[in-house]
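Here the structure is laid out as structure tokens; the discussion comes afterwards.
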Amino acid sequence: MLTQLYIKNFALIDELDMDFRSGFSVITGETGAGKSIILGALGLVMGQRADVKSIKHGAEKCTVEAHFNIAHYGLEPFFEQNDLDYDANDCIIRREINVSGKSRAFINDAPAPLALVKELGERLIDIHSQHQNLLLNKEDFQLNVIDLIAQNSAQLAEYAEAYDKYKAAEKELRQLEELISGNKEREDYLRFQHAELEEAKLEDGQQESLEQESEIMSHAEDIKAALYQAVEGIDGESNSMLGSLHTYVGRLHDIEEIYPNVKELAERLDNCYVELKDIAQDLGSQVEDVDFDPQRLDEITQRLNIIYSLEKKYRLDSVAELIAMHNDIKQQLQHIDNGDADLEEMRKKKEQMLAICTEKAAKLTAIRQEKAQQIEQQLQSMLMELGIPKVQFKIALSAKELSPNGCDKVSFLFSANTNTALQPVSQVASGGEVARVMLSLKAMISN
């Protein structure tokens with residue numbers, strides 16, 4: 001609760017220091033006395049944007065500081081998560097606005113981002129405005145009020161999880177039904193595609209391998225000539241690189257004794273000789289491996305024509321995509337062949353999820369019905385104290401289809417007189433009466 005409010009150089013206020021006690025409920029004053037200014041100062045504490053026009057004329061800055069007792073607010077995790085000092089008996093929020101337009105915010109004397117101040121402020125202060133009375137006309141708001149007062153957030157979370165699973169199963173069943181229905185309509189074409197792709201015996205990477213083999217075979221003569229020429233140049237019978245290198249290395253070894261500087265170079269050339277000899281042997285093997293086989297080339301060409309034809313037909317770019325399409329067709333045909341069993345299994349899953357969801361909803365309904373009776377009694381007592389001595393208030397709960405917040409339809413019924421029939425709050429003509437209902441509900445929520 002708010003225990004102290006300090007305001008300095010804000011609007012028309014030079015300096016104001018107010019203490020609040022438990023049970024304090026009303027600030028009165030004539031028009032222009034400053035009631036709205038106090039609300040404006042509280043708005044700054046709640047993280048509203050600062051305006052230099054709010055600074056009292058002639059002052060350099062204004063300050064608004066609010067002290068709260070938060071012992072019963074359960075906010076310790078909030079302070080831990082945001083690395084703030086926690087003092088349950090005296091939580092301080094301070095805003096400072098400079099004439100230069102600079103604004104600073106503090107939580108327990110530590111600088112804090114405005115967004116954090118706003119988040120904390122909204123948890124500590126509720127400024128009720130007249131238009132909020134319209135919320136009472138909304139069924140979702142009325143149901144939320146019951147849940148907040150009932151403090152059944154754990155049951156709501158359990159129900160929400162069950163409801164999400166039920167809706168997911170319902171969606172999955174619908175999609176499966178649509179898939180099987182659509183597949184059956186084009187079953188013949190799917191089986192034709194499956195047979196065509198099955199016959200093609202496609203393998204991933206096959207196209208690239210065949211294309212490379214075709215390219216090599218189509219240029220076999222050029223490749224063999226280049227390889228043979230390289231082998232002859234390196235290790236041929238006349239004027240070969242190896243023959244010349246062998247001679248040069250031998251000459252260098254001959255002068256090692258009289259010219260030691262050449263020994264290391266000669267050894268390096270020895271290594272080059274060995275490497276060149278290995279290269280020549282490998283090139284020779286390649287010459288033997290490259291061969292032109294007209295029959296094999298014809299097989300490759302036919303195989304590639306099948307692949308190209310399928311890619312063009314199905315507007316795909318690779319064998320991998322054709323294989324993926326084939327797998328998808330297999331799965332669709334499996335759904336057709338096993339459709340009844342798959343549907344039955346999915347229907348059972350949906351019914352199981354529905355049963356769980358219905359059970360959770362029934363628990364919520366029981367809690368709401370029990371709490372609704374308590375709210376009726378407590379609210380009538382509060383409204384009597386607020387000047388409606390013959391008030392009637394009732395919460396009507398009725399069943400509806402499962403929804404994200406349960407299976408309860410709620411309506412707040414009100415009458416200011418025992419001789420007048422109850423009617424929905426939305427039909428109450430007196431704005432003052434509705435405001436008192438709204439403020440009483442807020443007081444119950446805050447307790």
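The values are calculated or read from the model by the stated rules, or taken from the named source; none is laboratory data. The structure presented is a predicted model; accordingly, all values stated were derived computationally and were not measured. Positions of Cβ are backbone-derived with ideal geometry, glycine not excepted, and every protein chain shown enters the neighbour counts. Accessible surface is based on the protein model in full, side chains and every heavy atom, while ligands, DNA and RNA are left aside. Shrake-Rupley method; radii C 1.70, N 1.55, O 1.52, S 1.80 Å.
Cross-link partners of Lys102 among aspartates and glutamates, defined as those whose alpha carbon lies under 14 angstrom from its own and excluding same-chain residues fewer than eight positions apart: Asp51, Glu60. The amide H of Gln4, built 1.01 Å from its N in the peptide plane, has Phe20, His67 as neighbours under 5 Å, considering only residues 5 or more places off or on other chains.
Extending 7 Å from Cα along the Cβ direction at Asp293 and again at His253 yields two label points whose distance is 4.4 nm. Eigen-decomposition of the gyration tensor built on the alpha-carbon atoms of the stretch 362-447 gives equivalent ellipsoid semi-axes of 24, 15, 11 angstrom, largest listed first. Extension gain for Gln151-Gln380 works out to 80.4 nm (0.36 nm per residue, less the C-alpha to C-alpha distance).
Percent relative contact order of the stretch 295-447, based on C-alpha pairs within less than 8 angstrom and at least six residues apart?
Reported as a whole number, the value is 14 percent.
Between Ile306 and Leu397, the simple label model (points 7 Å from Cα in the Cβ direction) yields a spacing of 6.9 nm.
Within the straight-line cut-off of under 19 Å between alpha carbons, the aspartates and glutamates reachable from Lys350 are Glu158, Glu161, Asp164, Glu170, Glu172, Glu177, Glu178, Asp340, Asp342, Glu359, Glu401, sequence neighbours fewer than 8 places apart in one chain being disregarded. Helix 153-185 axis versus longest C-alpha principal axis of the chain: approximately 50°, rounded to the nearest ten.
Within the accessible surface of the chain, defined with a 1.4 Å probe on protein heavy atoms only, the carbon and sulfur portion equals 49 percent. Note on Lys312: aspartates and glutamates with a C-alpha under 16 Å away, same-chain residues under 8 apart excluded, are Glu196, Glu321. Would you mind checking the tilt of helix 263-289 against the longest principal axis of the Cα atoms of the chain, expressed as 0 to 90 degrees and rounded to 10? Compared with the principal axis, the helix lies near 90 degrees.
The average projected area of the chain, computed from the convex hull of its Cα atoms over all directions, is 47.7 nm².
Each listed q (0.22 Å⁻¹) maps to a log10 I(q)/I(0) for the stretch 311-378 from the Debye sum over equal C-alpha point scatterers, namely -0.92. Rg then Dmax, both in Å and based on the Cα atoms of the stretch 202-338: 26.5, 91.
Against the chain, whose longest principal axis is taken from its Cα atoms, helix 187-200 shows a tilt of about 40°. With a Förster radius of 41 Å applied to the C-beta separation of Ser285 and Lys184, the computed FRET efficiency comes to 0.10.
When only Cα pairs below 8 angstrom with a gap of at least 6 residues are kept, the chain shows a relative contact order of 15 percent.
Over 19 Å between C-alpha atoms is what I'm after, so list which of Lys171/Lys348; Lys360/Lys442; Lys167/Lys360; Lys8/Lys61 land there. With Cα atoms farther than 19 Å apart: Lys360/Lys442.
So what's the Cα pair-distance distribution over the stretch 11-106, bin width 5 Å, in %? Here the calculated profile for the stretch 11-106 is 2, 10, 19, 21, 18, 14, 10, 4, 1.
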